[in-house]
Amino acid sequence: MLDQKLLEGWTLPSEAYLSEAFAQWEFEELWPRAWSLLGDSSVLKEPRSYRCYDFFGESLVLIRDSQNEMRLLSNVCRHRAGPIFKKQQARYKSLTCQYHAWSYKESGELLRAPEMGQAKNFKLSDYCLPRFPLERWGPLLFSRLREGTSFKDWLGEISSEVPPELLSRLEYRERRDYSVRCNWKLYVDNYLEGYHLRSVHPRLSRELDYEAYRSETRAWHSRQWAPTRQESNIYTEGQSPEAHYYWLFPHLMLNLYQGILQTNVVEPVGIDECRVRFDWWAIPEVSAKRLEELIGFSEEIQEEDREICEWVQKNLRSRFYRQGRYSPTRENALHHFHQLIESIKKQIS
Ligand code: FES
Ligand SMILES: [Fe+2]
């Protein structure tokens, strides 16, 4: 049965895509509580190696320590905010700040602070580097900045639907970043519905069965079924067309098909600009040529989505438009996303 709110409801108002105040609320309240993809779990192979990340505007560092344990720490020194590490990835001898040489243990505790002996009420133990949770699922590493929903609840049914034997064989292959001049939510909105398939993606719509296309919403994610029309096409090459397309709140997409995992992370760059990061993992049997072919096709679709999203962003400034209605059969996942945003906004404002 269809949700009454979906039948009666209105989309997020245009202010949500245009206002500084809304973006500020997201920066302070939404993003720090969000689970997100950090990257590939096999990125650090040797003990005493690190990799730096920009995670929702936070400078973080992932280390594989001398005991071979992975930890995620803040890369912002507790003295006057200097960087502990400056390169993107390298080996390390110690965790020493590059500014005035305070040094930290691999656990994040402050070990030495030169010439601070006379400072009053100064205890090394008060100045640890913040540490963040690390969760691994298949080849992916996830984290978040503040307490909130557990990782298990956030991932929900996905953990049992994707075969572990597929996940364990995936290897990291490629990255592409795309800049789109629209609010990050608009890009997510567009991903969440197949309603635009025929108008925006003529070539893709020849491959997919629009009538059978549907979305199912769960607690923190939704899943789309996009069955292919014929047995053999760009996606399947004659193999079984089993595919999993997930969106996880608020900005991560996991697309699994034919031995490939493609992730999309939609990051805000400004109110009306976002960066969409595509990363590809694949099982060894997927040749470089085959992957190139799929990336080429995905770029064609991405370009079509970029163009329509940029039009909508511009049109949201119209004096005569504020919000719209949902197609009950085609936009249930979009409605689910908006409901999550609205309910969190109500709880934490
Ligand atoms: S900022 Fe790190 S030691 Fe001064
Ligand atoms: Fe699209």
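The values are calculated or read from the model by the stated rules, or taken from the named source; none is laboratory data. In this text, all values refer to a predicted model and were calculated from it rather than measured experimentally. Cβ coordinates were reconstructed from backbone atoms using ideal geometry, including for glycine residues, and neighbour counts include every protein chain displayed. We work out accessible area using only protein heavy atoms, side chains counted, and drop any ligands, DNA or RNA first. Shrake-Rupley method; radii C 1.70, N 1.55, O 1.52, S 1.80 Å.
A compact table of results
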item	result
Every pair of residues 6+ apart whose Cβ atoms lie under 7 Å, when the first sits in the stretch 11-32 and is among the hydroxyl-bearing types (S, T, Y) while the second is open to solvent by 40 Å² or more (accessible area, probe 1.4 Å)	T11/Q323; S14/Y321; S14/R322; S14/Q323
Any pair with Cβ under 6 angstrom, 6 or more apart, that starts in the stretch 120-140 at a residue that is over 30 Å from Y172 (Cα atoms) and ends at one that is part of a loop (DSSP other than H, G, I, E, B) and open to solvent by 70 Å² or more (accessible area, probe 1.4 Å)	Y127/R78; C128/E109
Filter result for P268 (assigned to a strand (DSSP E or B) and open to solvent by 10 Å² or more (accessible area, probe 1.4 Å))	yes
Any chance L197 is of a type outside the set (D, E, K, R), at pLDDT 90 or above and in the same structural domain as L166 (by TED's automatic domain parsing)	yes
Looking only at the stretch 53-77, and only at residues there that are surrounded by 20 or more Cβ atoms within 10 Å (Cβ to Cβ) and over 19 Å from R33 (Cβ atoms), the one that is farthest from ligand 1 (Cβ to nearest atom)	R64
Whichever residue in the stretch 95-141 is among the acidic types (D, E) and under 15 Å from N75 (Cα atoms) and, among such residues, is farthest from the chain's Cα centre (by Cα)	E109
Qualifying residue in the stretch 323-336 (condition: under 23 Å from E273 (Cα atoms), outside any helix (DSSP H, G or I) and open to solvent by less than 60 Å² (accessible area, probe 1.4 Å))	yes
Checking R306 against (1) out of contact with any strand residue (DSSP E or B) (no Cβ under 9 Å at 6 or more places or on another chain); (2) within 16 Å of ligand 2 (Cβ to nearest atom), the condition it does not meet	(1)
Hey, R181 within 18 Å of L37 (Cβ to Cβ), surrounded by fewer than 18 Cβ atoms within 10 Å (Cβ to Cβ), in contact with a strand residue (DSSP E or B) (Cβ under 7 Å, 6 or more places away or on another chain) and in the same structural domain as A21 (by TED's automatic domain parsing) or not	no
Among (1) under 17 Å from L145 (Cα atoms); (2) open to solvent by 20 Å² or more (accessible area, probe 1.4 Å); (3) of a type outside the set (G, A, S), the one test that L38 misses	(2)
Counted residues, the stretch 46-94 - those being at pLDDT 95 or above and assigned to a loop (DSSP other than H, G, I, E, B)	23
Residues of the stretch 190-218 satisfying the condition of being surrounded by 13 or more Cβ atoms within 10 Å (Cβ to Cβ), of a type outside the set (K, R) and more than 14 Å from ligand 2 (Cβ to nearest atom)	D209, E216, T217
Condition check for R112: open to solvent by 50 Å² or more (accessible area, probe 1.4 Å), at pLDDT 95 or above and within 11 Å of ligand 1 (Cβ to nearest atom)	yes
Options A101, A90: the member that is within 16 Å of ligand 1 (Cβ to nearest atom) and out of contact with any Leu (no Cβ under 9 Å at 6 or more places or on another chain)	A101
Only listed residue being open to solvent by 50 Å² or more (accessible area, probe 1.4 Å) and either under 21 Å from P13 (Cα atoms) or at pLDDT 95 or above (or both), chosen from I308, I344, I283, I348	I308
